[in-house]
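**Q** Following this message is one structure expressed as structure tokens.
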Amino acid sequence: MAENQKRRPQGGPRMGGGPMMGVPAQKAKDFKGTLKRLVSYLKPQRTRFVMVFFMAIMSTVFTISGPKIMGKATTKLGEGILGLYTHQIKLMYAIQQKLPASTIEKIKSESVPLVDFEYIGKILLLLLGLYVISALFSFGMSFIMSSVAQNTVYTMRKDVKDKLDKLPLKYFDGHTHGEVLSRITNDMDTIATTLQQSLTQLITSFVSVVGILVMMLSISPVMTLIALLTLPMSMMITVFIAKKSQKYFSEQQRSLGTLNGHVEEMYTGHKIVKAFGHEEDSINEFVKINGELYDVAWKAQFMSGIVFPALNFVNNLGYVLVCVVGGLMVAKNKIEIGDIQAFIQYIRQFTQPIVQIANITNIIQSTIASAERVFEVLDEEEEVPDEVQFQEIGDFKGHVAFDHVRFGYSEDQILMEDISVNVEEGSTIAIVGPTGAGKTTMINLLMRFYELNGGSIRIDGVDISKMRRGDLRGLFGMVLQDTWLFKGSIRDNIAYGRENATEEEIVKAADLAHAHHFITTLPDGYDTILNEEASNISQGQKQLLTIARAILADPRILILDEATSNVDTRTEVLIQKAMNNLMYGRTSFVIAHRLSTIRDADLILVMNQGTIIEQGNHETLLTQNGFYANLYNSQFSEE
Ligand SMILES: Nc1ncnc2c1ncn2[C@@H]1O[C@H](COP(=O)(O)OP(=O)(O)OP(=O)(O)O)[C@@H](O)[C@H]1O
Ligand SMILES: [Mg+2]
């Protein structure tokens with residue numbers, strides 16, 4: 001029984017820190033609607049749910065009957081011992097009173113009712129059986145519930161994944177990575193844990209409370225009344241302390257958030273912090289936040305820490321009362337001694353499920369809030385679906401036309417008013433212009449990462465909005481401004497450009513991109529594993545790998561957005577030559593700040609503030625003596 005006093009109700013792993021009381025649950029905006037929708041996810045698992053429900057009830061019922069049956073053994077034991085004592089006392093009395101020897105002999109020969117060990121043994125066996133059956137039901141319940149929970153979140157995760165594929169890039173512009181990520185991981189996890197643990201706990205707790213109450217009433221209504229008297233007092237204490245600690249818990253969470261934010265910022269930017277000599281400030285800031293956290297955390301933990309001692313105290317009062325009243329009743333032969341023992345056990349078990357239910361309501365609230373966040377993603381507006389009657393480019397030539405294109409990342413802020421460009425098949429187009437001019441945006445539109453607000457873009461006469469996105473994007477190979485490499489070997493990263501590429505092809509592509517040399521100087525060569533941020537190779541080397549990837553992909557249209565911006569000028573020229581081979585006869589778009597690299601382009605588009613202000617080849621633009629000439633001359637004179 002002692003363990004019951006120590007055992008704290010647990011609210012699942014998320015509540016790890018302090019006990020549940022006071023941790024403010026996040027609230028869902030539409031509790032009912034979300035709950036309904038969550039339940040609809042569980043519908044396919046209906047049969048299994050019913051089984052879990054049944055098993056939970058059985059398991060609890062078998063456990064609850066334990067004390068009562070154990071009481072029977074206690075009573076029997078008591079009876080046996082009592083009989084023995086009565087006999088002994090009778091005998092001693094006879095000897096003391098010097099009763100006649102015949103009487104003493106008679107008493108001696110009386111058969112003393114021995115402790116009925118056989119009966120007790122049977123009861124213990126029965127108990128063992130009950131507990132084993134209960135455990136079996138409990139195992140079965142966890143087993144089925146695991147698959148219910150995992151199946152449900154599996155489906156949800158799949159739905160979210162499908163949804164994310166259909167969301168326009170606009171959505172990701174408006175939501176941070178962390179936010180999207182947290183919905184797929186943390187929120188899903190919360191839902192899974194709740195389904196797995198809290199739901200079965202809720203069922204067993206309910207059954208326990210009702211079951212225990214029934215058992216207690218069946219033993220003695222009077223004693224039950226006394227035991228229940230302490231309940232309102234316990235509740236008052238809990239509510240009082242919870243109210244107090246809630247404030248501290250919110251503050252604790254806020255401080256913790258600030259601390260985390262500070263540490264993360266300082267850690268990820270620790271080179272900058274050092275470079276600017278801000279170590280001292282950073283440490284002071286940390287000490288300050290840490291101090292605040294200490295203060296509130298101390299109070300919050302203390303407050304929640306006194307809940308259980310206080311509850312115990314009240315419980316013990318009731319416990320003493322029950323023992324006294326129970327003892328009197330046994331003395332008056334109103335109830336059996338074993339029943340008292342069972343009753344005391346029931347009281348001990350009674351508070352736990354009640355606290356647990358209170359705790360779980362909190363958890364369910366935050367779970368619904370989590371589910372709501374997941375559903376929010378599912379309800380986001382999707383990108384325009386591919387046309388059912390999609391068009392394909394029959395004989396690919398590579399003619400690209402921007403026709404009165406109008407576009408803005410948001411409706412009310414139009415970046416491009418009216419852009420028209422005609423790109424001859426097989427030509428190389430350079431896009432130049434100051435930072436923020438809209439160069440990358442042109443590419444984004446060409447790849448249909450964003451939908452136009454007006455006008456059209458056509459490839460070989462086919463409107464790209466009439467094509468399937470997959471077909472369209474399959475035409476392009478690109479090397480982007482921000483290199484994207486994944487955790488894996490250099491070989492796999494290059495081979496990402498084309499499935500089933502042979503070793504020879506990979507090496508050849510790397511060679512053309514001038515990456516082969518640096519790769520072979522690495523200890524593991526092509527097997528070198530790049531880490532998550534690919535920070536174990538240099539920026540320029542990263543670019544070389546992405547160029548190799550594009551070369552290997554051998555696309556119809558090549559896009560290079562600042563592809564060599566981090567590579568030294570000599571290597572750049574070499575890559576340029578290799579690229580010229582690759583780009584020969586193929587439509588390609590090249591964005592570059594270093595104008596020397598695009599001198600040979602067939603068409604140079606000079607952009608500024610979302611419009612094309614000049615276009616033509618290098619020579620004509622120079623003779624125009626405008627924006628481009630200015631830009632070029634300034635770079636030239638610098639060098
Ligand atoms: N995802 C986005 N959401 C909203 N606005 C954006 C987004 N991407 C770019 N912009 C804005 O559109 C304008 C053009 O950006 P773009 O990336 O096309 O410039 P850029 O010419 O490629 O510049 P850089 O030379 O620096 O790469 C900028 O003002 C930029 O702030
Ligand atoms: Mg750009």
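The values are calculated or read from the model by the stated rules, or taken from the named source; none is laboratory data. Quick caveat: nothing in here was measured; it's all calculated off a predicted structure. Cβ coordinates were reconstructed from backbone atoms using ideal geometry, including for glycine residues, and neighbour counts include every protein chain displayed.
**Q** Keeping to the range 399-435, report how many residues are under 16 Å from Q609 (Cβ atoms) and in contact (Cβ under 8 Å) with a residue 24 or more places away in the chain. If you could, list the steps in order and put the result at the bottom.
**A** Residues of the range 399-435 under 16 Å from Q609 (Cβ atoms): 405-409, 413-419, 431-435.
Keeping just the survivors that are in contact (Cβ under 8 Å) with a residue 24 or more places away in the chain gives 405-409, 414-419, 431-434.
Final tally of qualifying residues: 15.
**Q** Taking the condition of being part of a loop (DSSP other than H, G, I, E, B) and either without any contact (Cβ under 8 Å) to a residue 60 or more places away in the chain or in contact with a Phe, Trp or Tyr (Cβ under 9 Å, 6 or more places away or on another chain) (or both), how many residues in the range 439-479 meet it? Break it down stepwise before answering.
**A** Within the range 439-479, the subset part of a loop (DSSP other than H, G, I, E, B) is 447-453, 460-461, 467-468, 475.
Checking which are either without any contact (Cβ under 8 Å) to a residue 60 or more places away in the chain or in contact with a Phe, Trp or Tyr (Cβ under 9 Å, 6 or more places away or on another chain) (or both) leaves us with 447-448, 450-453, 460, 467-468, 475.
Of the residues in that region, 10 qualify.
**Q** Going by the conditions given, is Q150 modelled with pLDDT under 85, under 23 Å from I363 (Cα atoms) and touching a helix residue (DSSP H, G or I) at 6+ places or on another chain (Cβ under 8 Å)? Don't jump to the end; show me each part of the working.
**A** On the way: modelled with pLDDT under 85: no; under 23 Å from I363 (Cα atoms): yes; touching a helix residue (DSSP H, G or I) at 6+ places or on another chain (Cβ under 8 Å): yes.
No.
Conditions tested, residue by residue: (1) out of contact with any Leu (no Cβ under 7 Å at 6 or more places or on another chain); (2) farther than 27 Å from S208 by Cβ; (3) at pLDDT 85 or above.
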{"residue": "M329", "(1), (2), (3)": "yes, no, yes"}
{"residue": "K332", "(1), (2), (3)": "yes, yes, yes"}
{"residue": "Q352", "(1), (2), (3)": "yes, no, no"}
{"residue": "Q356", "(1), (2), (3)": "yes, no, no"}
{"residue": "T361", "(1), (2), (3)": "yes, no, no"}
{"residue": "S366", "(1), (2), (3)": "yes, no, no"}
{"residue": "E372", "(1), (2), (3)": "yes, yes, yes"}
{"residue": "E376", "(1), (2), (3)": "yes, yes, yes"}
{"residue": "E387", "(1), (2), (3)": "yes, yes, no"}
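**Q** Would you mind finding the one in P434, P385 that is within 16 Å of ligand 2 (Cβ to nearest atom) and not in a helix (DSSP H, G or I)? Working first, answer last.
**A** Working: P385 fails: within 16 Å of ligand 2 (Cβ to nearest atom).
Selected residue: P434, the only one of P434, P385 that is within 16 Å of ligand 2 (Cβ to nearest atom) and not in a helix (DSSP H, G or I).
**Q** For the range 545-639, give me every one of the helices (runs of 4 or more DSSP H) that falls completely inside it and has 3 or more residues that are under 28 Å from G474 (Cα atoms). Let's see the steps before the verdict.
**A** Values: elements: 569-583, 618-624, 627-638.
Here the list reads 569-583.
**Q** Which one of these does I598 not meet: (1) more than 16 Å from ligand 2 (Cβ to nearest atom); (2) among the hydrophobic types (A, V, I, L, M, F, W, C); (3) under 20 Å from T435 (Cα atoms)?
**A** Only one criterion in (1) more than 16 Å from ligand 2 (Cβ to nearest atom); (2) among the hydrophobic types (A, V, I, L, M, F, W, C); (3) under 20 Å from T435 (Cα atoms) is unmet by I598, namely (1).
**Q** Then there's this: Of the conditions (1) assigned to a helix (DSSP H, G or I); (2) in contact with a Lys or Arg (Cβ under 9 Å, 6 or more places away or on another chain), I344 clears all except one; give me its number.
**A** That leaves (2) as the condition not met.
**Q** Can I ask one more? Among the residues of the range 558-594, which ones are crowded, with 18+ Cβ neighbours inside 10 Å, within 13 Å of ligand 1 (Cβ to nearest atom) and not aromatic (F, W, Y)?
**A** Within the range 558-594, I559, L560, D561, E562, A563, V590, I591, A592 meet the criteria.
**Q** I've got another one for you. Check the range 396-412 and report whether any residue there is assigned to a loop (DSSP other than H, G, I, E, B) and more than 20 Å from M447 (Cα to Cα).
**A** Step one: filter the range 396-412 for residues assigned to a loop (DSSP other than H, G, I, E, B), giving 396-399, 408-409, 411-412.
Applying the additional criterion that residues be more than 20 Å from M447 (Cα to Cα) yields 412.
Yes: the range 396-412 contains one or more residues that are assigned to a loop (DSSP other than H, G, I, E, B) and more than 20 Å from M447 (Cα to Cα).
**Q** Continuing with this model, one more query. Please find, among T564, T502, T521, T528, the residue that is within 16 Å of ligand 2 (Cβ to nearest atom) and either among the hydroxyl-bearing types (S, T, Y) or out of contact with any Asp or Glu (no Cβ under 7 Å at 6 or more places or on another chain) (or both). Walk me through it before giving the result.
**A** On the way: T502 fails: within 16 Å of ligand 2 (Cβ to nearest atom); T521 fails: within 16 Å of ligand 2 (Cβ to nearest atom); T528 fails: within 16 Å of ligand 2 (Cβ to nearest atom).
Testing whether each residue is within 16 Å of ligand 2 (Cβ to nearest atom) and either among the hydroxyl-bearing types (S, T, Y) or out of contact with any Asp or Glu (no Cβ under 7 Å at 6 or more places or on another chain) (or both) leaves just T564.
**Q** Let me ask you something else. Quickly run through the range 528-537 and pick out the residues that are in contact (Cβ under 8 Å) with a residue 24 or more places away in the chain and out of contact with any Ser or Thr (no Cβ under 8 Å at 6 or more places or on another chain).
**A** Going through the range 528-537, the residues in contact (Cβ under 8 Å) with a residue 24 or more places away in the chain turn out to be 528-532, 534.
Correct list: N531, E532.
**Q** Could you check the range 352-370 and list, in sequence order, the residues that are surrounded by fewer than 23 Cβ atoms within 10 Å (Cβ to Cβ) and hydroxyl-bearing (S, T, Y)?
**A** T361, S366
**Q** Consider only pairs whose beta carbons are under 6 Å apart and that are at least six residues apart or on different chains; among these, list those whose first residue lies in the range 553-573 and is at positive phi and whose second residue is within 16 Å of ligand 2 (Cβ to nearest atom).
**A** Partner pairs satisfying both residue conditions: E562/Q481; E562/I591.
**Q** Within the range 503-524, is even one residue small (G, A, S), surrounded by fewer than 20 Cβ atoms within 10 Å (Cβ to Cβ) and assigned by TED's automatic domain parsing to the domain that holds S427? Don't jump to the end; show me each part of the working.
**A** Going residue by residue through the range 503-524, those that are small (G, A, S) are 509-510, 513, 515.
Cutting the leftovers down to surrounded by fewer than 20 Cβ atoms within 10 Å (Cβ to Cβ) gives us none.
No, the range 503-524 has no match at all.
**Q** Can I ask one more? Checking D482 against (1) modelled with pLDDT of 90 or more; (2) of a type in the set (D, E, K, R); (3) within 15 Å of ligand 1 (Cβ to nearest atom): exactly one of these is not met. Which one?
**A** Here D482 clears every test but (1).
**Q** Moving to a separate point now. Would a scan of the range 396-414 turn up a residue that is at pLDDT below 90, out of contact with any strand residue (DSSP E or B) (no Cβ under 7 Å at 6 or more places or on another chain) and more than 16 Å from ligand 1 (Cβ to nearest atom)?
**A** yes
**Q** Here's something else I'd like to know. Residues that are within 16 Å of ligand 2 (Cβ to nearest atom) and more than 14 Å from the chain's Cα centre (by Cα): find the helices (runs of 4 or more DSSP H) completely inside the range 137-219 holding 3 or more of those.
**A** Values: elements: 169-174, 177-182, 188-193, 199-219.
Output list is empty.
**Q** Please go through (1) modelled with pLDDT of 85 or more; (2) more than 40 Å from the chain's Cα centre (by Cα) for M579 and return the number of the only condition it doesn't satisfy.
**A** The failed condition is (1).
**Q** Same structure again: Return the only residue of M447, M416, M442 being under 23 Å from K166 (Cβ atoms), within 16 Å of ligand 2 (Cβ to nearest atom) and out of contact with any Asp or Glu (no Cβ under 7 Å at 6 or more places or on another chain). Explain how you work it out, then say what you get.
**A** On the way: M416 fails: under 23 Å from K166 (Cβ atoms); M442 fails: under 23 Å from K166 (Cβ atoms).
The unique qualifying residue is M447.
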